[in-house]
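Comments concern the structure below.
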Amino acid sequence: EEGVKPQTKEALEIIRNTKTPFLVALNKIDKPEANPERVKQELAKEDVLVESYGGNVPLVEVSAKTGKHMDELLEMILLMADMEHLTSDPKRPGAGVVIEAHRDPKRGVSTTLLILDGSIHSGDYIVTSGSAEHVKILENFAGHPIREAGPSSPVRLAGIKEMPVVGEPFKSFSSRSEAEKEAESYRASREAPSQKTSVLPLEASGKPVFNVILKADVAGSLEALEELVKRFESGHVILNILRSEAGDISESDIKLAHATGRVTIIGFRVQMDPQLRLVAEKSNIRIVEGDVIYQLMESVKKEIEEFLPATVLRTDVGKAKIVKIFKKEGARHIVGGRVSEGEIKKGALCEAMRMKDVIGRGTVIQVQHNKVDVSAVEAGKEFGALIEFRGAITEGDILSLFEEKITKQTL
């Protein structure tokens, strides 16, 4: 019913880059407004030709709600696995990849692993991202406790010490000593020789710096959020990520934002304590939140565009010499003078020049010629004018008249 969405295109880009075999499951066909043919046409525009359109990509129309054609989908997955000669040995120690990680307020760091080969048992030791972790809490995809899991199984570990990196491989070991030896070897292989780099301050570039704190529900979402936010960096602005963490918006985030100055906190599928939100509002800390990544990015884009300084285009209108000061009340001056270049016009901005120095800036409120209100007086003619000007205009000052067009920058 929705067709090819931005996230579908992103998935297809990953599939192409990794050359991964794939099939299409067309969900929600139980809906009255479902239009499978339209979706197939949209897929064709993305160079995905399904079998019914003369291509080689299998497509199965399914309904997760009613269960329709789910058996056919499972059969197709198994068929493709056979064709790709995918094999595994459940008797080997488990190995696979980290597919998700987050910080649970009650259970600490939790991670989701996909076992590609071998098996994991409760009590094993898992090594990932250079950390050796004891498998104390092992759960299946539904969150139910299990004793072991074999190839192709997604499992969840809870209560581990370190936050693993999404996409990193993992290995399982039956003893702590083996796991710690592997972890030490991993860390040694990743250590690079220290290099001293000289980096200019961000302000040295002359561009405005947009400071952000990124928070997301899980590590995978955080990785995507960080990548999308970085895309807003351009010739107009520098994106400076002060902190990027999985978890709810915390007091520490608010303190960092307050101490740094102008900072925008960007939160994806996160929560925030109501009292903490009040503190943020009183401190004028900007918080942009959302549950749909692409809608959130639109909000972030607007936030950055509001932050960018506007461009000002100045157009010179004319010059005039002040001959007489008739009256002065506060910032308002009634003056008489003569236009030497261009014109003096109602609504124009002006700068008063004295001995080649600018002494102030104001606005022309009213213009008269021969005691009659006019919109402008041309060069060579005398005029009377009411000018809003902070400072003191004196006889002999030169008014430089101009107009400004202010344009907001866009990304």
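The values are calculated or read from the model by the stated rules, or taken from the named source; none is laboratory data. Since this is a predicted model, take the numbers as computed values, not measurements. No Cβ is skipped: glycine too gets one built from the backbone with ideal geometry, and neighbour counts run over all protein chains shown. SASA here: full protein model, heavy atoms, side chains in, ligands and nucleic acids out. Shrake-Rupley method; radii C 1.70, N 1.55, O 1.52, S 1.80 Å.
Just the accessible area per residue of the chain, please: how many Å² with a 1.4 Å probe? It would help to have the intermediate numbers written out before the result.
Numbers: 24930 Å² over 411 residues.
Per residue, the chain has an accessible area of 61 Å².
Taking 51 Å as R0, compute the FRET efficiency from the Cβ-Cβ separation of S283 and A44 and round it to 0.05.
For S283 and A44, the calculated efficiency is 0.45.
Please report, as a whole percent, how much of the solvent-accessible surface of the chain comes from carbon and sulfur atoms (probe radius 1.4 Å).
Working: 12650 of 24930 Å².
Ligands and nucleic acids excluded, carbon and sulfur reach 51 percent.
What number does region 80-231 give for Rg over Rh if you use C-alpha atoms and the Kirkwood radius? Let's see the in-between values first.
Values: Rg = 18.9 Å, Rh = 17.5 Å.
For region 80-231, the value is 1.08.
For K356, which lysines qualify as cross-link partners when the Cα separation must be under 27 Å and same-chain residues fewer than eight apart are set aside?
Answer for K356, where 27 Å is the Cα cut-off: K319, K321, K324, K327, K328, K345, K346, K381, K405, listed by chain and number.
Across all directions of projection, what mean area in square nanometres is found for the Cα convex hull of region 1-95? Before the final figure, lay out each step's value.
Working: hull surface 31.0 nm².
Spelled out: convex hull of the Cα atoms, projected over all directions, averaged, 7.8 nm².
Sum up the charges of everything whose Cβ sits under 13 Å from the Cβ of I99, counting Lys and Arg as +1 and Asp and Glu as -1, but leave I99 out.
Numbers: positive: R156; negative: E100, E168, E223.
Local charge sum for I99: -2.
For region 360-411, what is the convex hull (Cα atoms) projected area averaged across all directions, in square nanometres?
On the way: hull surface 21.7 nm².
Dividing the Cα hull surface by four gives the mean projection, 5.4 nm².
Under a Cβ-Cβ cut-off of 10 Å, what is the net charge of the residues other than A331 that fall near it, where Lys and Arg count +1 and Asp and Glu count -1? Numbers along the way, then the final one.
Details: positive: K328, R332, R390; negative: E329, E388.
Once all neighbours under 10 Å are counted, the net charge is +1.
Does region 94-144 come out rounded, prolate or oblate by the C-alpha gyration tensor, with a ≥ b ≥ c the root eigenvalues, rounded set by a/c under 1.5 and, if not, prolate when a/b is larger than b/c and oblate if not? Please list the in-between numbers first.
Details: a/c = 1.44, a/b = 1.29, b/c = 1.12.
Note, shape of region 94-144 comes out rounded.
Search the structure for amide H atoms under 5 Å from the amide H of I115, placed 1.01 Å from N in the peptide plane, and list their residues when 5 or more places away or on another chain.
Distant-sequence amide H within range of I115: S152, S153, V155.
How far apart, in nm, are the 7 Å Cα→Cβ label points at D316 and M353?
0.7
When the gyration tensor of region 304-411 is built from Cα positions, what are the square roots of 5 times its three eigenvalues, in whole Å, from largest to smallest? Walk me through the intermediate numbers first.
On the way: eigenvalues 148, 46, 33 Å².
Semi-axes (√(5λ), whole Å): 27, 15, 13.
In the chain, what % of DSSP beta bridges are antiparallel (nearest 5)? Please list the in-between numbers first.
Numbers: 82 of 107 bridges.
Restricted to the chain, the bridges split so that about 75 percent are antiparallel.
Taking 45 Å as R0, compute the FRET efficiency from the Cβ-Cβ separation of V292 and R390 and round it to 0.05. Walk me through the numbers on the way to the answer.
Numbers: r = 49 Å, r/R0 = 1.08.
That gives a FRET efficiency of 0.40.
Run lengths n ≥ 4 of DSSP H only: what is the helix-derived mean residue ellipticity at 222 nm for the chain, with -39500 (n - 2.57) per run over all residues, to the nearest 500? Please list the in-between numbers first.
Numbers: 8 runs with 98 residues, N = 411.
Here the helix-only value at 222 nm equals -7500 deg cm²/dmol.
I need the Kirkwood Rh of the chain: take the reciprocal of the average 1/r across all distinct C-alpha pairs and report it in angstrom. Please report the intermediate quantities before stating the final value.
Values: mean 1/r = 0.0359 Å⁻¹.
Here the Kirkwood hydrodynamic radius works out to 27.8 Å.
Could you tell me whether region 243-308 comes out rounded, prolate or oblate from its Cα gyration tensor? Rule is a ≥ b ≥ c as square roots of the eigenvalues, rounded for a/c under 1.5, then prolate if a/b exceeds b/c, otherwise oblate. Please list the in-between numbers first.
On the way: a/c = 1.77, a/b = 1.20, b/c = 1.48.
It is oblate, given that a/c is not under 1.5 and a/b is not larger than b/c.
So if R0 is 51 Å, what FRET efficiency would E305 and E75 give, r being the distance between their Cβ atoms, rounded to the nearest 0.05?
Details: r = 50 Å, r/R0 = 0.99.
For E305 and E75, the calculated efficiency is 0.50.
When the chain is modelled as a GNM with alpha-carbon springs shorter than 10 Å, which of K181, K321, K136 fluctuates the most?
K321
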